[in-house]
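Comments concern the structure below.
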Amino acid sequence: MSISQNLLKIKSTLPENVTLVAVSKTKPIPDLMEAYDAGQRIFGENKIQEMADKWEAMPKDIEWHMIGHVQTNKVKFMAQFVSLIHGVDSLKLLEEINKQAKKNNRIIDCLLQIYIAEEETKFGLDEEELNEILASATFQEMKNIRIVGLMGMATFTDNQEQIKKEFTHLKSIFDSIQNLKSEICNLKSLSMGMSGDYQLAIECGSTMVRIGSSIFGGR
Ligand SMILES: *Cc1c(COP(=O)(O)O)cnc(C)c1O
């Protein structure tokens, strides 16, 4: 099937409250344009330079989501245009995003990444670190970021029970902080689920799925 057919098929199965991020990392612009022409406006990339190049070349009504691990010294290259940063996993990174957002006279939406997998390779905060950030004075004084939810990645495994356990854990953390409503905290998005596990993620409460290979083909 073509990219547009894949996209429309997946979209037709998603509940109304679930946002689709089309993960276009490593794919050439004509592939992204095919998805764009089929109506897709949210794209996810995991390298800042690649995302910036695509942003420059493509229509300006696209929302660009940074889904990869972010190095502090590279925030400045996306601060002008990024719509949502999924993988925020430290106060230091938040401070830099806040600083660069201020320079660009804007507020940047962020998700805090929670570590839910059993693999050592995945980034993210544990529950204690999350609560430390949310309670810290430094965080509460930031004016140019907004935390709009949480993001997580399950273990890469065929064990559905394991994945379900991890997604359910993330959802319970998400629910546990719902009482935190302020200028800089409005926790409405739960970003979990990729090509292999998005249906399960939605069953577990995901409101945002990040799908790459099922739309654009393997990488
Ligand atoms: C690559 C990537 C995805 C998409 O993965 P697919 O299996 O191709 O759907 C989702 N989330 C993150 C963080 C990624 O890096």
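Annotations
- Residue-level analysis places MET51 among those that are under 15 Å from the mean Cα position of the chain (by Cα), of a type outside the set (Gly, Ala, Ser) and either assigned to a helix (DSSP H, G or I) or at pLDDT below 95 (or both).
- Residue identified as within 16 Å of the ligand (Cβ to nearest atom) and in contact with a strand residue (DSSP E or B) (Cβ under 7 Å, 6 or more places away or on another chain) among ILE62, ILE3, ILE67: ILE67
Here is a yes/no grid of residues against (1) at pLDDT 95 or above; (2) hydroxyl-bearing (Ser, Thr, Tyr); (3) under 22 Å from ARG210 (Cα atoms):
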| position | (1), (2), (3) |
| --- | --- |
| ASN73 | yes, no, no |
| SER83 | yes, yes, yes |
| LEU91 | yes, no, no |
| GLU119 | no, no, yes |
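- The one condition from (1) at pLDDT 95 or above; (2) over 28 Å from PRO28 (Cβ atoms); (3) within 18 Å of the chain's Cα centre (by Cα); (4) surrounded by fewer than 16 Cβ atoms within 10 Å (Cβ to Cβ) that ASN186 does not meet is (1).
- Filter pass, GLY87 being closer than 18 Å to GLY218 by Cβ, outside any loop (DSSP other than H, G, I, E, B), within 15 Å of the ligand (Cβ to nearest atom) and in contact with a Gly (Cβ under 8 Å, 6 or more places away or on another chain): no
- For the stretch 142-173, a residue qualifies if it is under 18 Å from ILE211 (Cα atoms) and in contact (Cβ under 8 Å) with a residue 60 or more places away in the chain, and exactly one does: MET151.
The values are calculated or read from the model by the stated rules, or taken from the named source; none is laboratory data. All figures in this text were calculated on a predicted structure; none of them were measured in a lab. Glycine also receives a Cβ, built like all others from the backbone with ideal geometry; neighbour counts cover every protein chain displayed.
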